[in-house]
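A.B. asks: Please find one structure pasted underneath; my questions will follow.
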Amino acid sequence: MSLDTNTNVVNKNEEFKPLIVAFCCNWCSYAGADLAGTSRLKYPANIKIIRVPCSCRVNINFVLRAFQNGADGVVIAGCHPGDCHYSTGNYHTRRRFSLITNLTEYIGVEKERFKVDWISAAEGNKFATVMNDILEDVYKLGPNKKLRDARWKI
């Protein structure tokens, strides 16, 4: 299923392949993704991981640009609260999460398309589970039509 940008008609002949952008902190969740990969755990190939120094580095513009540039879902993954390499980074992320969720809902993006989760370096299984869960949610919702810029085709 794809979205024809000129007529906003969904072509059901093509299969919908959602794009999920995952912002992963360098110290925990990126290592969790690495562990999931080396443990040969199954998680979808259409998850695009962007490595950031800390989950608090991801601001609202990153999330909105991801949706604008074709993402159907966005995940911010960081260290568990209290385990942040920078002491308080994930506390900032937690506060920012409610702001981003409220803003995206206000502009019409379903709240299931955006998620924040805490994944440590030893939780490869949790990384795979979180990615499979958001992909399943996005499959149910269909393509993101609200913020997508028509100039971007992925």
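A.B. asks: Ordering Leu141, Leu99, Leu19 by accessible area with a probe of 1.4 Å, largest first, what comes out?
C.D. replies: Working: Leu141 65, Leu99 110, Leu19 25 Å².
So, going from the largest accessible area down, we get Leu99, Leu141, Leu19.
A.B. asks: Mind grabbing the accessible area of Val21 for me, 1.4 Å probe, Å², rounded to tens?
C.D. replies: 20
A.B. asks: Could you give the length gained on full extension between Tyr86 and Ser98, defined as 0.36 nm per residue of separation minus the Cα-Cα distance, in nm? Walk me through the numbers on the way to the answer.
C.D. replies: Working: separation 12, 0.36 × 12 = 4.32 nm, distance 2.10 nm.
So the extension gain works out to 2.2 nm.
A.B. asks: On the protein heavy atoms, probe 1.4 angstrom, tell me the percent of accessible surface of the range 66-154 carried by carbon and sulfur. Mind dumping the intermediate values first?
C.D. replies: Numbers: 2320 of 4700 Å².
It is 49 percent, rounded to a whole number.
A.B. asks: What figure, in Å² to the nearest 10, do you get for the accessible area of Glu123 with a 1.4 Å probe and non-protein molecules left out?
C.D. replies: Its heavy atoms expose roughly 50 Å² to the probe.
A.B. asks: Could you state the angle between the C-alpha long axis of helix 124-141 and the longest principal axis of the C-alpha atoms of the chain, as a value from 0 to 90 degrees rounded to the nearest 10?
C.D. replies: 20
A.B. asks: Whole number in Å², please: accessible area per residue of the chain, 1.4 Å probe, ligands, DNA and RNA not counted.
C.D. replies: Values: 8610 Å² over 154 residues.
Here the residues of the chain average 56 Å² of exposed surface.
A.B. asks: Over the chain, what is the relative contact order in percent, taking alpha-carbon pairs closer than 8 angstrom and at least six residues apart?
C.D. replies: On the way: 272 pairs, mean separation 50.2, N = 154.
Relative contact order of the chain: 33 percent.
The values are calculated or read from the model by the stated rules, or taken from the named source; none is laboratory data. Quick caveat: nothing in here was measured; it's all calculated off a predicted structure. To get the accessible areas, we keep the full protein, side chains included, count just its heavy atoms, and leave off ligands, DNA and RNA. Shrake-Rupley method; radii C 1.70, N 1.55, O 1.52, S 1.80 Å.
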